[in-house]
Structure formats: structure tokens, C-alpha cells
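*Asks:* The structure under discussion is supplied below as C-alpha cells; questions concerning it will follow.
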Amino acid sequence: MAKILIVIAERMFRDEEFSIPKYFLEGYGHEVKVASTGKGPAIGKFGTIVEPDLTLDEVNAKDYNVIIIAGGPGTPIYLWPNERLHKIVREIYDNGGIVAAICLAPVVLSRAGILNEKRCTVFPTPDSIKEIRKGGGILEDYDVVVDDRIITANGPEASQKFTEAILARIGG
């Protein structure tokens, strides 16, 4: 079974981009831990309250072989500039792990330096498109894009397909 880290912003993460993957991955017996950018409850855009297991500062990337980053309007504020998260992403990827990001979160992968010449998708805003291109990502207009060990999705409507793509890679 996979050891999975789901990362959410402490405020305004997209509820279903967190809850759908967590529900199905745990349902298939995978070990899931939740990390956020701050201590205390994280609050989703639609009011979901999540008590993270740990903060990003407490994460040991060697403990996980999959990282999933949920998007939402809090992502550019809390996750895009978070250098600790960039380091965790790079370490999991460099150790052969699967890196998955949905909605606005693929920008984190771009800033972490792992999207260069990789096919991907993102929730299309002027800033997110600019950031993906700046990191060398090859944008594709699909709900979900899988390029080797990188899985990206373009928004909340793709949450189920995103989860299925992750399960297809790790078993479930």
C-alpha cells in the first residue's frame, strides 16, 4: 500500500479536491496523512474543516511515495510561494514517487522545478498559465494529464478522474 501525503492550504482549499481523493485512497487501504501550511484547523472554500496531521515543516518526505496537492483559491497565497513544499515535492519525485496536483496546485510543481518539458494541465488563469510556462511545462487542454510520475488535473470537476488516475498508478 502507498504512503500518501495530501497537502492543503490552511484557508480556501477546494473541498472536493481534498475529500474525494482522501475518501477513495483510504477506502482502497492506502495510508493517507494530511499536511497544511499552518497549525490548527484548515478551512475549505465551502466550509469543510480539516484537522491536519502535521504542518509542512514537520513533513519528512522520505516517509511518502505519493504527494497530492489540492487546489483552490488559497493555493496561490499559501502554496505557490512555499519553498518548504517545493523541497518536499522535489524530494518525493527524485526518490521515484508520484506527484499529483489539481486545479491551481500544478503551479507548485512548476515552481519546484519538476515540470520542465512535462505534459500537464492547470486551472487556466493568466497567472497559472504564465507560471506553468515559466517552469517549462507543456500545457494540454484535458481534465487530467499523466506524464510518467506526474499527474495533474484542471479543476474540481476533474476530482474523480484525478483520483482514478492516481489509483491506476498505485493500485486500487
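Conditions tested, residue by residue: (1) β-branched (Val, Ile, Thr); (2) assigned to a loop (DSSP other than H, G, I, E, B); (3) touching an Asp or Glu at 6+ places or on another chain (Cβ under 6 Å).
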| site | (1), (2), (3) |
| --- | --- |
| Ile20 | yes, no, no |
| Gly29 | no, yes, no |
| Val34 | yes, no, yes |
| Ile43 | yes, no, no |
| Pro81 | no, yes, no |
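Residues checked against (1) more than 22 Å from Gly155 (Cα to Cα); (2) out of contact with any Leu (no Cβ under 8 Å at 6 or more places or on another chain); (3) of a type in the set (A, V, I, L, M):
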site	(1), (2), (3)
Ala9	no, no, yes
Lys22	no, yes, no
Leu25	no, no, yes
Ala42	no, yes, yes
Val50	no, yes, yes
Asp53	yes, yes, no
Ile77	no, yes, yes
Glu83	yes, yes, no
Ile98	no, yes, yes
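*Asks:* Counting only residues that are assigned to a helix (DSSP H, G or I) and surrounded by fewer than 23 Cβ atoms within 10 Å (Cβ to Cβ), how many does the range 114-132 have?
*Replies:* Number satisfying all stated conditions: 5.
*Asks:* Listed residues Gly113, Gly171, Gly135; which is at pLDDT below 95 and out of contact with any Asp or Glu (no Cβ under 9 Å at 6 or more places or on another chain)?
*Replies:* The conditions single out Gly171.
*Asks:* Also: Looking for whichever is touching a residue at least 24 places away in the same chain (Cβ under 8 Å), more than 16 Å from the chain's Cα centre (by Cα) and closer than 19 Å to Phe162 by Cβ here; the options are Tyr28, Tyr64. Which one fits?
*Replies:* Tyr28
*Asks:* Please list, ordered by first then second residue, the pairs with beta carbon atoms under 6 Å, 6 or more apart or interchain, first in the range 101-113 and part of a loop (DSSP other than H, G, I, E, B), second crowded, with 24+ Cβ neighbours inside 10 Å and among the charged types (D, E, K, R).
*Replies:* Close Cβ pairs satisfying both conditions: Cys103/Arg14; Cys103/Glu17.
*Asks:* Which of the numbered conditions does Val145 fail, given that it passes all the others? Conditions: (1) surrounded by 17 or more Cβ atoms within 10 Å (Cβ to Cβ); (2) β-branched (Val, Ile, Thr); (3) in a helix (DSSP H, G or I).
*Replies:* (3)
The values are calculated or read from the model by the stated rules, or taken from the named source; none is laboratory data. Only a predicted model underlies this, so the values are computations on that prediction, with no experimental measurement involved. Cβ atoms come from the backbone with ideal geometry, glycine included; neighbour counts cover every protein chain shown.
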